[in-house]
Structures are given as structure tokens and as C-alpha cells.
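First comes the structure, then the notes that go with it.
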Amino acid sequence: MRRRKDGTVFWSNTSFRFYLKPETNEVIAFYYTTDITAHKLQEQLFKKIAGLDYELLTEVDINKNTHRVISFDAGKEKNIAAEGEFQKALRIAADSTMDQASRQEYLEKLDFTYMQQKLEKEPVYSFILEVQDEDGNTRTKRYQVFYVEKELGRVCIARSDVTDVVQKEQRQKERLAAAWWRQSRPTLQRQISSPA
């Protein structure tokens, strides 16, 4: 960060250009400072927003089979290399955290051909899988896949941990089933004890 003459601060990018003055062989340097505050603020805002709902955002280049992790919740496991060959990284993550059925679905739904076919029909597709965390606990993850830039073959995969939501829904279903059973039991008993 730099400080202006009026005391305000801003993010800057400074570049230098060097030229040789042919008559005297002197080196002349010019430097240019560009205010990149808006870009930096946008970048920070993106990181903050990404951290609200997603534990992992990964940008994938379908054409080059590469990826890079854009943002991740430091308190959660990444399970994928920060960058590198995408399909290889997927297989490593699947082998270390998923049972056979989840592994198969994960690899199938993140296959490039599958991605392109799904994204031709809809702007975003998602799927949910169970994975094992580093402590061996089963966690439920939601994956959302969408184009960042279709012409460049750039896709984003957003992963969220929805374990708590799934468990809460399961408890609600169990309570509803128990309430239904308690409510319907007297009716069932009257039907059984009544002569036909």
C-alpha cells in the first residue's frame, strides 16, 4: 500500500521501464504507478463472499486438464492439491476419502465430457456425496459446477459441507414419523379391537 500526498492510502502496482540513451549510453528509468485499489477490493470481497458459503472453490481448465484452488476455508480439509493436473488430483482425493460408490459418482460427475454435456443443458449442476474427513468422520458434501468462461473452457467447482443440514433434516423426519405413529396408534388400536 502507498500513501498519497493528501494522506489517503491506496493499493498500487509499480512497473519500471529502462531505456538506453544511444548518444550517451546512459540508462534512463521511467516508473509508472497504477492505482489498483478497486481490483484489490474486488478480490478481497470475492474471498470474503466465497468463505461464507463454500469451503472450497476450485477453478478448472478443461482444455488443459489443470486446476487451481481459488479459495478454501482454512478450518476445513482441502483434499485436493492447490494446483496441478485435475483428473489425477481427483483420483487421489477420491481414493483417500470416499467409498467405492461415492468415488465412482465423484469421478463420473467431474469428468470433462460429463461436465460439458450437463452445462450445455443448465448453467449449474450439483450433486451430493459422503466423504470421510481426516478424522474418519463421515461428512456430506455438496458440489456445484458452473462455467466461469465457456469459450476458454474454465469451470468452477464449489464444495460445501452440508452435513449439519442433512442431519437436521433427518432428525425432523424422525420426529415427524414418531409424531405420526403416536397420533395414528389409537386409531389403529380401535380398528384392530372393533369387530367387523
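The values are calculated or read from the model by the stated rules, or taken from the named source; none is laboratory data. From a predicted model like this one, the values you see are computed outputs, not experimental measurements. Note that each Cβ is placed from the backbone with ideal geometry, even for glycine, and that neighbours are counted across all protein chains shown.
Return the residues of the stretch 148-165 that are of a type in the set (S, T, N, Q) and outside any helix (DSSP H, G or I); say none if nothing qualifies.
If the condition is that a residue be of a type in the set (S, T, N, Q) and outside any helix (DSSP H, G or I), then S160 is the only one that fits.
Given the criteria touching a Pro at 6+ places or on another chain (Cβ under 7 Å) and either on the phi < 0 side of the Ramachandran plot or among the aromatic types (F, W, Y) (or both), does F146 qualify?
Yes.
Return yes or no: is L119 buried (at least 16 other Cβ atoms within 10 Å of the Cβ), under 22 Å from E55 (Cβ atoms) and either outside the structural domain of Y54 (by TED's automatic domain parsing) or not basic (K, R) (or both)? Even if it seems obvious, please write down each step before you answer.
Details: buried (at least 16 other Cβ atoms within 10 Å of the Cβ): yes; under 22 Å from E55 (Cβ atoms): no; either outside the structural domain of Y54 (by TED's automatic domain parsing) or not basic (K, R) (or both): yes.
It is false that L119 is buried (at least 16 other Cβ atoms within 10 Å of the Cβ), under 22 Å from E55 (Cβ atoms) and either outside the structural domain of Y54 (by TED's automatic domain parsing) or not basic (K, R) (or both).
Being more than 22 Å from R4 (Cα to Cα) and either surrounded by 10 or more Cβ atoms within 10 Å (Cβ to Cβ) or in contact with a helix residue (DSSP H, G or I) (Cβ under 9 Å, 6 or more places away or on another chain) (or both) is the filter here, so list the residues in the stretch 21-42 that pass it.
I28
Spot the failing condition for K168; the list is (1) part of a helix (DSSP H, G or I); (2) at pLDDT 90 or above, and only one is missed.
Going through (1) part of a helix (DSSP H, G or I); (2) at pLDDT 90 or above one by one, K168 breaks only (2).
Got at least one residue in the stretch 126-147 being closer than 30 Å to E43 by Cα, within 17 Å of the chain's Cα centre (by Cα) and part of a helix (DSSP H, G or I)?
Scanning the stretch 126-147, I find no residue that is closer than 30 Å to E43 by Cα, within 17 Å of the chain's Cα centre (by Cα) and part of a helix (DSSP H, G or I), so the answer is no.
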